Amino acid sequence: MKSPIVLRVVAKLFFPLILLFALYIQFHGDYGPGGGFQAGVIFAAGFILYAMVFDVEQAQQVAPPALLRVLMAVGILIYAGVGFAAMVMGGSFLEYRVLADDPVQGQHLGILLIEAGVGLTVAAVMIMIYYGFVARGQ
């Protein structure tokens with residue numbers, strides 16, 4: 001069933017704003033409330049809105065399940081990679097301060113990378129969960 005035109009127009013207007021807000025939450029997580037998990041959920045909510053209004057098949061063309069599976073793995077690899085990089089550089093697992101010459105810069109870099117991995121994984125998992133629920137309903 002096709003959604004009403006007003007709903008489609010509003011969704012098209014809000015979709016990029018939701019994704020932009022998710023990016024703001026992602027990168028603001030160093031300095032205030034927010035971070036990877038919250039940004040991933042907001043990002044996924046934007047895609048779920050798109051899927052609910054325009055149809056799941058169209059959403060799966062934008063974010064196909066195969067791509068989402070890759071993104072889930074990449075996010076986890078980023079997280080683990082930062083931890084192992086810290087160990088290789090002489091620190092403990094996820095000891096960010098060893099990632100740069102200046103410990104404060106290392107903290108910022110480590111948190112930025114960790115939050116990116118978490119955000120990527122959470123967004124991909126949430127969209128895949130939605131796809132799974134929709135597939136069961138058909």
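Number of residues in the range 35-59 that are touching a Leu at 6+ places or on another chain (Cβ under 9 Å) and over 22 Å from V6 (Cα atoms) equals 5. Kindly check whether there is at least one residue in the range 109-127 that is without any contact (Cβ under 8 Å) to a residue 12 or more places away in the chain, under 26 Å from G34 (Cβ atoms) and in a helix (DSSP H, G or I). No, there is no match, as no residue in the range 109-127 is without any contact (Cβ under 8 Å) to a residue 12 or more places away in the chain, under 26 Å from G34 (Cβ atoms) and in a helix (DSSP H, G or I). The residue of the range 67-108 that is nearest to the chain's Cα centre (by Cα), among those that are hydroxyl-bearing (S, T, Y) and assigned to a helix (DSSP H, G or I), is Y79.
Of the residues examined, I127 is one that is surrounded by 16 or more Cβ atoms within 10 Å (Cβ to Cβ), of a type in the set (V, I, T) and within 30 Å of R8 (Cβ to Cβ).
Candidates A100, A59, A86: the one that is surrounded by fewer than 20 Cβ atoms within 10 Å (Cβ to Cβ) and either at pLDDT 95 or above or out of contact with any strand residue (DSSP E or B) (no Cβ under 9 Å at 6 or more places or on another chain) (or both) is A100.
The values are calculated or read from the model by the stated rules, or taken from the named source; none is laboratory data. Just so it is clear, the structure is predicted and the values come from calculations on it, not from any experiment. Ideal geometry is used to build each Cβ from the backbone, glycine not excepted, and the neighbour counts take in all protein chains shown.
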